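Working notes, structure below.
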Amino acid sequence: MSITEPTLLSLTRASAIALATLAVLLIGGPGVQSWPRKARLIVFWFAIALLLMPGFAVAVAHFEDAMKQGGAKRAWFYSALVWLRLSPLALLVVWLTPPALSTEAMHCLRIGTPLTWLRQKMRGLRAWGRGLWLGVAVVFFLAFQEFEIATTWNIRAWPVALFDAQAGGLALGESLRLAALPLGIQAVLVCTLIRFAQFAPQSLTDCDHAPESIRAAFAPMLIFFGLVPVCFTPCLVMFGGLATLAVAAPSEIFALAPWREICNGLGLSISATLFAWLLAGWIELRRGWRWLLALPGLLGPLLCGLMLLTVLQVPPLHLLRDTVFPPVLGLALVLLPFALLLRFGIETTRDRAALHTARASGGRRAVWQLGGWPRLCAVLLLFCFGYGDFTINSMLAPPQFTSASARLLNLLHYGRSDALKAMFILAFAVPLAAALLTALIARLYPRHRAS
């Protein structure tokens, strides 16, 4: 078996998505620092919601539309959906790592040193430095390793080919040999981009790439058009199906729902989310070499799962192979980079002066609203994202701990029926309802205590 062709296809697709994202950054990146703080917070949470919407739920919601299209059109549809999902994340990276010079200094440099249009653009690229290239790199890696939507829609990509081979009984050593090519590509590009961003000059810039009115409207438009296919459509499908199920008999609903798999998914996601969130806090406080713990998760769930499978072959760790520990650890490692991003984003966008005043005055409700509430929202988003994972669960979990996503994916290979649609709706309605109920209680409880 050769994985060269699907790897080249994934590389080409990820490069095109990264180039499209670069255009987004040049248009929408500048000017966001002048936005009101509330507007930036809204864009931050919407972009995180786009990223952490379970890929399997998005794929199933658009499954019928994707299957009606031919191979080439389906691949374009897939690329557009991935781009809409990841581009706002690149904007966040740029916003959280702004250029060294202020907008006023940039304007003075632009007036004092008139240049041609091409040289202005080149200086603009160099000026964004770490933020710009880091944002493009993050989008490239996430697009290159995207798996949930690709395997559901039967898109040719290296994770799909490798996962199918592993599930088909390929030896672990042979799977690792096949994974060496995409792993090497990611490693080389990471080192190259980090080195380039580290030495990129950041003293001159021209950030007025677009009029202020376009800059102010571009990012919210991108977020809105991304929310519709990525978030709103799955939710509409789910709640529309719930309205249909509401007229069904309770016994029929109980028989359709995969309750055992739902409970398994809830338990695994809760455990992995808490582990990842606490580990991210430990890394954030101490940093140093501890940031290396986020590298396995950056490689994607498939490569992370293969590495854990290799480690679990070594005695005495092989005793843990048939326990719940491997899927919890694997899912926590996958969630860890997102947990670090959320912690860093919350710390950067919070109103520190107001939080300090609230703590000094002993205002528990204000402290909760400014500090505790954003962290709870982040944990709930991680929980929903972890619940939708089926890669780690399929590779590491024993049969008695199979999650709902893994079972639904297996059933989807036999065709989509009304019963399967009902199972999907029920399986994802339970964690969504649990997350919304938790958020509602946490939002209302401080008001009740304060009254």
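Quick one: how many Å² of C377 are accessible to a 1.4 Å probe, rounded to 10?
Counting only protein heavy atoms, C377 exposes about 30 Å² to solvent.
Could you put E146, E64 in order of accessible surface area, largest first, with the 1.4 Å probe and the full protein assembly present?
Per-residue accessible area, sorted high to low, gives E64, E146.
From Cα coordinates alone, what are the radius of gyration and Dmax values for the stretch 308-395 in angstrom?
Just the Cα atoms of the stretch 308-395 yield Rg and Dmax of 18.6, 55 Å.
Tell me the volume per residue, in Å³, of the convex hull enclosing the alpha carbons of the stretch 266-366. Present the calculation step by step, with values, prior to reporting the outcome.
On the way: hull volume 14.1 nm³, N = 101.
Convex hull of Cα atoms, per residue: 140 Å³.
Can you sort W158, W277, W45 by 1.4 Å-probe accessible area, starting with the largest?
W45, W277, W158
When all protein chains stay in place, what accessible area (Å², nearest 10, 1.4 Å probe) is found for E284?
40 Å²
Send over a whole-number figure in Å² for the accessible area per residue of the stretch 251-349, probe 1.4 Å. Intermediate results must be reported in sequence, preceding the final value.
On the way: 4750 Å² over 99 residues.
Accessible area per residue: 48 Å².
Pop out the carbon and sulfur fraction of the accessible area of the stretch 282-388 as a percent, whole number, probe 1.4 Å. Could you put the intermediate results ahead of the total?
On the way: 3630 of 5230 Å².
The value for the stretch 282-388 is 69 percent carbon and sulfur by accessible area.
Roll a 1.4 Å probe over the protein heavy atoms and report the accessible area of I185 in Å², nearest 10.
About 40 Å², rounded to the nearest 10.
What chymotrypsin sites (Phe, Trp or Tyr not before Pro) does the stretch 360-438 have in DSSP loop regions with at most 11 other beta carbons within 10 Å?
When the chymotrypsin sites (Phe, Trp or Tyr not before Pro) of the stretch 360-438 are filtered for loop state and at most 11 Cβ neighbours within 10 Å, Y414 remain.
Against the globular-protein guess of 2.2 N^0.38 Å, express the Cα radius of gyration of the stretch 365-451 as a ratio, rounded to two decimals.
On the way: Rg = 17.4 Å, N = 87, 2.2 N^0.38 = 12.0 Å.
In units of the 2.2 N^0.38 Å rule of thumb, it is 1.45.
What's the FRET efficiency of K73 with A360 using the Cβ-Cβ distance as r and R₀ = 41 Å, to the nearest 0.05? Each step should come with its number before you reach the end.
Values: r = 59 Å, r/R0 = 1.45.
In this case the efficiency is close to 0.10.
As an exercise, use a Förster radius of 41 Å and the Cβ-Cβ distance of L170 and I42 to find the FRET efficiency, rounded to the nearest 0.05.
On the way: r = 46 Å, r/R0 = 1.12.
That gives a FRET efficiency of 0.35.
The values are calculated or read from the model by the stated rules, or taken from the named source; none is laboratory data. The model shown is predicted, which means the values in this text are computed figures rather than measured ones. Cβ atoms come from the backbone with ideal geometry, glycine included; neighbour counts cover every protein chain shown. Quick note on the areas: whole protein, heavy atoms, side chains included, nothing else; ligands and nucleic acids left out. Shrake-Rupley method; radii C 1.70, N 1.55, O 1.52, S 1.80 Å.
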